[in-house]
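Before any comments, here is the structure.
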Amino acid sequence: MNQTNDTNIKCPNSEHVNNVKIVCFNESCKADRLQCIQCIQNGIHVSHLQHQQDLPFLFEHISDIEKHCEDLIIDLNKQIDMAYQQFYLLIGRIRSKYQKSRQQFLNLDSKQMNSFFAESIKFKSFEQTNLILIKQSIKDFQDSIVKLLSDLKLSELNYYQISNQDINQSEELYKKGYKLYWDDKNFKEAIKIFDQSLIFNPKNCNSLWCKADSLRMLGQYNEAIAWADKELQVDPKHCSSLYCKAASLNMLGQYNEAIVWADKALQVDPKHCSLLYCKAASLRMLDQNNEAIVWADKALQVDPKHCSSLFTKSNSLRLLKMFKQSMEVIEQSLKINPNHFDSLWAKGKCLQDQNQYQEALLFYEKALMINPKNQWIRDRKDECLKAINQK
C-alpha cells in the first residue's frame with residue numbers, strides 16, 4: 001500500500017489541478033472514474049457513494065483483473081486445443097481411410113481391396129457433404145469471434161498502442177537474444193532476453209518465434225507450441241513458427257497433427273528442407289513408408305546432404321524390405337557425417353534384419369558411444385549377441 005500511496009495520477013478533468021484520490025467502481029457510472037478532491041466536492045458520484053474507494057484499491061483491482069484475464073486466456077486456449085485434437089483426429093482418420101499408395105493397396109488381401117475400392121467410390125459424396133458441414137461450422141465460429149472483437153471496443157481505446165521507442169527497445173533486445181540463440185546455442189539465456197523484449201512489444205514476431213524455437217531446442221515441446229501459436233496470432237503465415245509447431249508435434253508423437261502444420265508451412269515455402277523432412281519423418285512414424293520416401297526425396301532435392309532425410313528414406317526402404325537400396329542411402333549419410341547417430345543405428349538394424357549380426361553389432365556399438373543410455377539400441381544389441389550364440 002505504501003507504494004500506491006506515493007503514486008501521483010493527474011485528474012482526467014484538465015481544469016482540475018489536484019491528483020486523483022478516489023476511484024469509482026460502479027459499473028453503470030458514465031462519469032470519469034478517477035476523481036480528485038474537486039471532483040468529490042462537485043458531488044458527481046453522490047448517487048453511488050458505496051462504490052467509491054481509495055486510490056490503492058485501483059491497483060489491487062488492476063492486479064486482480066490481470067490474473068483473471070490470464071486465467072480466461074488459458075481456459076480459451078484449452079478449449080481450442082480440445083477442438084484441435086478432434087480436428088487432427090478427423091484428419092488422421094480421413095487420411096487413413098482414403099489415402100493408399102499403389103503398394104499399400106497391393107499389400108491388402110482381396111476382401112480388403114474390395115472394401116477399400118467400394119469406400120473410395122463414395123469419396124466424392126463424403127467430401128461434398130462433410131466439407132459443407134465443416135465450412136458452415138467454421139464460419140459460425142469466425143462470426144462469433146468477430147462479434148466478440150467488436151464487443152471489446154478496442155477502437156475506442158488508445159492505451160494499447162506501442163511507442164516507437166518501445167518497438168526499438170524490443171528489437172534491440174531481440175538482436176541480443178538472437179545471438180545467444182543462433183551463435184551461442186545458449187537457449188535458456190536467450191529466452192530471458194526474449195522475455196524482456198516482449199515486455200516492450202508483446203507482438204514482436206522475431207522474439208516470439210525465437211522464444212518458441214529455443215523452447216523446442218530445450219525439449220519443452222508443449223511450451224514451444226504455445227509460443228509458436230502466440231506468434232501465429234500475429235502472423236499466421238510465419239514459416240519458422242509453423243515449422244517450430246510441426247516439429248514439436250512430431251517430437252510429441254502427434255504425427256497427423258505435425259503433417260497438418262507442415263502442409264500449412266509448405267504452402268508458404270514449398271522448398272523448406274526441414275519442413276519437408278518433418279513431413280517425411282511423420283509419415284514414416286505412421287508406417288506410410290512409400291509416402292515418407294517421396295517427401296524425403298523432395299527434401300534431398302533441396303539439400304542432397306541432409307542426413308536426417310537420408311536416414312528417413314533409408315529407414316522407410318528398410319521397413320519395405322528393400323535392404324539393398326536402404327544400405328545405399330544410409331552409406332550416403334555416413335559419408336557426409338560418420339557420426340550421425342540415427343544413421344548408425346539404422347545401418348545396424350538393416351544389417352540385423354538381414355541376419356548379419358556381427359556387422360550389426362559394430363554399428364550399434366558406434367551409436368552407443370554417442371548415446372550410451374539408449375535402451376532400444378541396447379535391446380537390439382542383445383538380440384544380435386543372442387543370435388550369434390545360438391549359431
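The values are calculated or read from the model by the stated rules, or taken from the named source; none is laboratory data. Note that the coordinates shown come from a computational prediction; the quantities given were computed from them, not determined experimentally. With ideal geometry, Cβ positions are generated from the backbone for all residues, glycine too; neighbour counts draw on all protein chains shown.
Suppose we filter the range 220-234 for residues that are in contact (Cβ under 8 Å) with a residue 12 or more places away in the chain and surrounded by 15 or more Cβ atoms within 10 Å (Cβ to Cβ); how many remain?
10
With respect to the numbered conditions (1) in a helix (DSSP H, G or I); (2) surrounded by 11 or more Cβ atoms within 10 Å (Cβ to Cβ), which one is the sole condition not fulfilled by residue 128?
So residue 128 meets the others, but not (2).
For the range 206-219, name all the residues that are surrounded by fewer than 22 Cβ atoms within 10 Å (Cβ to Cβ) and either modelled with pLDDT under 95 or among the aliphatic types (A, V, I, L, M) (or both).
217, 218, listed by residue number.
Counting only residues that are within 11 Å of residue 25 (Cβ to Cβ) and not in a helix (DSSP H, G or I), which one in the range 44-79 is modelled with the lowest pLDDT?
45
Being in contact with a Lys or Arg (Cβ under 8 Å, 6 or more places away or on another chain) and surrounded by 10 or more Cβ atoms within 10 Å (Cβ to Cβ), is that true of even one residue in the range 74-92?
Going through the range 74-92, the residues in contact with a Lys or Arg (Cβ under 8 Å, 6 or more places away or on another chain) turn out to be none.
No: the range 74-92 contains no residue that is in contact with a Lys or Arg (Cβ under 8 Å, 6 or more places away or on another chain) and surrounded by 10 or more Cβ atoms within 10 Å (Cβ to Cβ).
Does residue 21 satisfy the condition of being surrounded by 10 or more Cβ atoms within 10 Å (Cβ to Cβ) and outside the structural domain of residue 138 (by TED's automatic domain parsing)?
yes
Hey, residue 21 hits all of (1) modelled with pLDDT of 90 or more; (2) under 30 Å from residue 145 (Cα atoms); (3) basic (Lys, Arg) but one; which does it fall short on?
(2)
Among the residues of the range 325-337, are any more than 21 Å from residue 305 (Cα to Cα), surrounded by 15 or more Cβ atoms within 10 Å (Cβ to Cβ) and of a type in the set (S, T, N, Q)? Quick ask: steps written out before the conclusion?
To start, the set of residues in the range 325-337 that are more than 21 Å from residue 305 (Cα to Cα) comprises none.
The answer is no; no qualifying residue exists.
Have a look at 273, 244, 239 and point out the one that is over 13 Å from residue 84 (Cβ atoms) and either without any contact (Cβ under 8 Å) to a residue 12 or more places away in the chain or touching a Lys or Arg at 6+ places or on another chain (Cβ under 6 Å) (or both). Give the derivation first.
Values: 273 fails: either without any contact (Cβ under 8 Å) to a residue 12 or more places away in the chain or touching a Lys or Arg at 6+ places or on another chain (Cβ under 6 Å) (or both); 239 fails: either without any contact (Cβ under 8 Å) to a residue 12 or more places away in the chain or touching a Lys or Arg at 6+ places or on another chain (Cβ under 6 Å) (or both).
Exactly one residue qualifies, and that residue is 244.
Among residues belonging to the range 238-264 that are closer than 12 Å to residue 209 by Cβ and not hydroxyl-bearing (Ser, Thr, Tyr), point out the one that is surrounded by the most Cβ atoms within 10 Å (Cβ to Cβ).
Once the filter is applied, the top-ranked residue is 244.
So in the range 80-107, with the set limited to residues that are in a helix (DSSP H, G or I) and basic (Lys, Arg), which one is nearest to residue 293 (Cα to Cα)?
102
So is residue 239 closer than 23 Å to residue 89 by Cβ, hydrophobic (A, V, I, L, M, F, W, C) and modelled with pLDDT of 95 or more or not?
Criteria not met by residue 239.
The rows are residues; the columns are (1) among the aliphatic types (A, V, I, L, M); (2) in contact (Cβ under 8 Å) with a residue 12 or more places away in the chain.
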site	(1), (2)
297	no, yes
315	no, yes
324	no, no
334	yes, yes
345	no, yes
349	no, yes
359	no, no
365	no, yes
372	no, no
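Residue 28 is checked against (1) assigned to a loop (DSSP other than H, G, I, E, B); (2) more than 43 Å from the chain's Cα centre (by Cα) and fails just one. What number does that condition carry?
(2)
Regarding residue 107, is this residue more than 28 Å from the chain's Cα centre (by Cα) and either farther than 30 Å from residue 40 by Cβ or at pLDDT 90 or above (or both)?
Here the answer is yes, as residue 107 does meet what is asked.
Given the conditions (1) touching a residue at least 40 places away in the same chain (Cβ under 8 Å); (2) under 11 Å from the mean Cα position of the chain (by Cα), which single one is not true for residue 260?
Here residue 260 clears every test but (2).
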